[in-house]
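The values are calculated or read from the model by the stated rules, or taken from the named source; none is laboratory data. What you see is a predicted model, and the numbers here were worked out from it, not measured in a lab. So basically every Cβ, Gly included, is an ideal-geometry build from the backbone, and we count neighbours across all protein chains shown. When the accessible area is computed, the model is the full protein with side chains, heavy atoms only, and any ligands, DNA or RNA have been set aside. Shrake-Rupley method; radii C 1.70, N 1.55, O 1.52, S 1.80 Å.
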Amino acid sequence: MSIAYEDVKRFAVTTPIYYVNDAPHVGHAYCTLHADALARWHRLAGDEVFFLTGTDEHGLKVQQAADEKSMTPIEWADITSQRFKDAWEALEIKPDDFIRTTEPRHYQAVSKFLQAIYDNGFIELGSWEGLYCVGCEAYYTESELSDGNCPVHGTKVEVVQEENYFFKLSKFQDKLEKLYGENPNWVEPSTRRNEALSFIKSGLQDISITRTSIKWGVPVPWDTNHVFYVWYDALINYVTALGYGNDSERFNTWWPSVHHLIGKEIVRFHCVWWPAMCMAAGIDPPNHIFVHGWLLVKGEKMSKSKLNKIDPVVLAEEVGLDTLRYHLLRDTPFGPDGDFTYEGLIRRHDADLSNNLGNLLARVSTVVSNKCAGIGPKPRENSPLKKNFDEIIGRVRDAWENTAPSAGLEATFELIYLANAMLEQNEPWKMEPGVELEGILGDALEVLRLVALLIFPAIPKSAQVIWNRIGLEAEIESARLDDAAIWGLYPGSLPVTKGSPLFPRLGKNSKNSGESKK
Ligand code: MSP
């Protein structure tokens with residue numbers, strides 16, 4: 001099977017579904033925000049887009065969290081799932097669907113999917129003893145432990161013994177190797193691909209996929225003494241949301257043109273189990289998996305179980321939503337781990353949003369107001385910036401297409417820098433009204449139009465403000481890159497508004513620091 005995911009003009013993007021044992025933190029926002037920005041980018045690119053996120057509500061971890069609160073698991077899940085929904089809304093993250101694994105549609109899809117695997121002969125009864133980490137909801141071998149503890153959480157593992165149903169993962173070794181061999185970019189970055197492939201090559205063992213010791217799970221359709229192991233139900237969310245077993249037209253339209261975004265600790269589930277499960281159920285594996293690193297705080301993973309977690313909604317209220325969105329997309333490239341620091345966020349805000357973008361907008365609107373009676377002139381067809389733009393736009397498009405918003409934003413900001421340099425060189429604020437002044441201001445307005453378009457996926461609210469301030473009326477959302485990302489389309493003769501500073505400086509030495517930082 002050869003998958004040409006690059007050719008697909010339908011773009012479905014998913015995040016992992018988050019456990020509801022606690023509230024969302026900036027680490028969760030990091031991935032969900034990338035999915036949101038990529039979805040917005042692909043919409044601008046004219047693709048048909050579907051963006052899915054949600055919550056993972058079964059398993060021992062959630063049952064234990066509910067017990068601690070003296071609630072039933074579903075009462076607890078209702079509260080916490082809503083917190084994720086609310087957080088995404090506050091962060092202007094707009095999924096097309098938010099799936100909860102406790103919904104009837106998911107129970108139906110899980111039953112059908114696993115019944116298909118069972119009927120195809122890839123599930124059998126066996127007995128199992130293993131070392132289990134509740135935090136990960138995963139078994140480990142002795143050799144995988146670090147100092148006898150869970151390698152991810154550093155906590156004690158439990159010895160668990162049960163009669164379980166097993167998925168015959170071992171039967172998929174050759175097929176998985178073939179899938180990886182034929183699709184070199186199936187998992188990116190290549191370090192993660194190699195990690196998954198060497199795990200496969202080291203020999204696959206069958207995996208236990210049901211539990212009798214807990215009740216909080218999706219019942220096994222052919223043996224109701226068992227519920228499915230949480231991971232085994234969770235992965236199926238991706239097909240539930242596309243209508244698996246319920247709406248075959250929708251399912252066949254979207255599957256497998258799906259890009260999964262996942263964190264590095266859940267590679268094995270997504271890059272080994274999940275494609276094998278799909279093959280066992282008789283469907284193609286998803287088209288593409290992109291693995292990102294962790295946001296670290298002082299070298300440690302930001303996590304629900306540690307005190308280092310930061311509430312993204314509180315932080316956005318404090319520093320400004322688009323400041324947080326921009327920082328997360330720009331400063332921690334999607335792939336490696338990245339350090340999250342408040343100072344880094346402020347530095348990035350001041351350098352890029354305030355001194356570069358905000359400054360360009362303020363300068364241009366002030367000079368247009370003073371010298372052109374507030375009416376923006378047209379750009380020059382032969383502007384020196386046209387050449388820059390024509391080169392930069394290629395890099396911007398490539399970066400976003402390759403799941404690299406950070407590089408896309410970096411290239412976009414080069415254009416802003418060049419426009420500011422042009423203003424500094426020509427000093428239009430000192431020039432007499434005339435063709436030359438109009439040409440320079442028109443070029444700068446054109447850069448603002450193009451930049452608003454290109455940064456819309458990252459900072460949609462601010463981009464729309466810029467768009468409106470230079471007199472453009474329609475919603476950026478309805479623009480399409482092929483028609484709009486072309487030099488020279490700012491029509492001129494539009495009213496330019498001189499509003500309040502869009503991104504007041506936040507750093508210590510700024511006049512505004514007292515007002516903007518609580
Ligand atoms: N429920 C499973 C996923 C099932 S998907 C079928 C799960 N949930 S989780 O809430 O523990 O983690 C969800 C995602 O959040 C993971 O991809 C994880 O990498 C990501 N993050 C959690 N903390 C993070 C950081 N500090 N930084 C970046 N991402 C991190 O695993």
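With all protein chains present, how much of the accessible area of segment 10-319 (probe radius 1.4 Å) comes from carbon and sulfur, to the nearest whole percent? The C+S portion of the solvent-accessible surface of segment 10-319 is 48 percent.
With the convex hull drawn over the C-alpha atoms of segment 83-130, the volume per residue is 150 Å³. Entry comment: accessible area of segment 297-452 is 43 Å² per residue, from protein heavy atoms only and a probe of 1.4 Å.
For K301, the lysines whose Cα comes closer than 28 Å to its Cα, not counting residues fewer than 8 places off in the same chain, are K61, K69, K85, K94, K156, K264, K309, K508, K517, K518. By definition, a body whose alpha carbon gyration tensor gives a ≥ b ≥ c is rounded when a/c is under 1.5, and segment 10-319 falls into this rounded group. Across the options A77, A407, L448, the greatest Cα extent toward the positive end of the charge dipole of the chain (unit charges at beta carbon of Lys, Arg, Asp, Glu) belongs to L448. The listed residues D284, D482, D47 rank as D482, D284, D47 when sorted by accessible area, largest first, using a 1.4 Å probe. Considering only L329, I459, V367, the residue lying farthest towards the positive end of the dipole of the chain is V367, judged by Cα position with unit charges set on Cβ.
Counting only alpha carbon atoms, the long axis of helix 190-201 and the longest principal axis of the chain meet at about 10°. What do you get for trypsin sites (Lys or Arg not before Pro) in segment 201-293 restricted to DSSP loop and a cutoff of at most 14 other Cβ within 10 Å of the site's Cβ? The qualifying sites are K215.
Straight-line cross-link reach from K371 at under 26 Å between alpha-carbon atoms covers these lysines, not counting any fewer than eight positions away in the same chain: K386, K430, K498. When peptides 374-385, 18-29, 443-454 are ranked by their average number of other Cβ atoms within 10 Å per residue, the highest-first order is 443-454, 18-29, 374-385. Taking a straight line from the alpha carbon of K387, these aspartates and glutamates sit under 20 Å away, with near neighbours fewer than eight places off in the same chain left out: D398, E410, E414, E424, E436, E438, D443, E446, D482, D483. Take the Cα pairs of segment 114-204, get the Kirkwood Rh, then feed it into Stokes-Einstein at 4 °C and 1.567 mPa s and tell me D in µm²/s. Stokes-Einstein gives a translational diffusion coefficient of 84 µm²/s. Okay, helix-only estimate at 222 nm for the chain: each DSSP H run of n ≥ 4 adds -39500 (n - 2.57), divide by all residues, round to 500 deg cm²/dmol; what do you get? Mean residue ellipticity, 222 nm, calculated: -13500 deg cm²/dmol. Here's the picture: charge each Lys and Arg Cβ at +1 and each Asp and Glu Cβ at -1 in the chain, and of T101, W216, I392 the one pushed furthest to the positive end of that dipole is I392.
Overall size of the chain from C-alpha positions, given as principal axis extents largest first: 86, 48, 38 Å. Within segment 10-319, DSSP assigns beta bridges of which about 50% are antiparallel (rounded to the nearest 5).
Under a model in which nothing but the beta-carbon of Lys, Arg (+1) and Asp, Glu (-1) is charged, segment 249-399 shows a dipole of about 320 debye around its Cα centre. Across segment 321-331, computed HN-Hα scalar couplings (Karplus, 6.51 cos²θ - 1.76 cosθ + 1.60, θ = phi - 60°) run 4, 6, 5, 5, 4, 4, 4, 5, 7, 8, 8 Hz from first to last residue, x flagging Gly and Pro.
Compute log10 of I(q)/I(0) for segment 346-495 with the Debye formula, placing one identical point scatterer on every Cα and leaving out solvent, at q = 0.09 Å⁻¹, to two decimals. Reported log10 I(q)/I(0), two decimals: -0.25. Listed as lacking a disulfide-compatible partner in the chain: C31, C271, C278, C372, by the criterion of no other cysteine Cβ under 4.7 Å. Charge dipole of the chain (Cα centre as origin; +1 on each Lys and Arg Cβ, -1 on each Asp and Glu Cβ, all else neutral): 1100 debye, rounded to the nearest 20.
Rounded to the nearest 20 debye, the dipole size of segment 10-319 about its Cα centre is 460 debye, using +1 on the Cβ of Lys and Arg and -1 on the Cβ of Asp and Glu.
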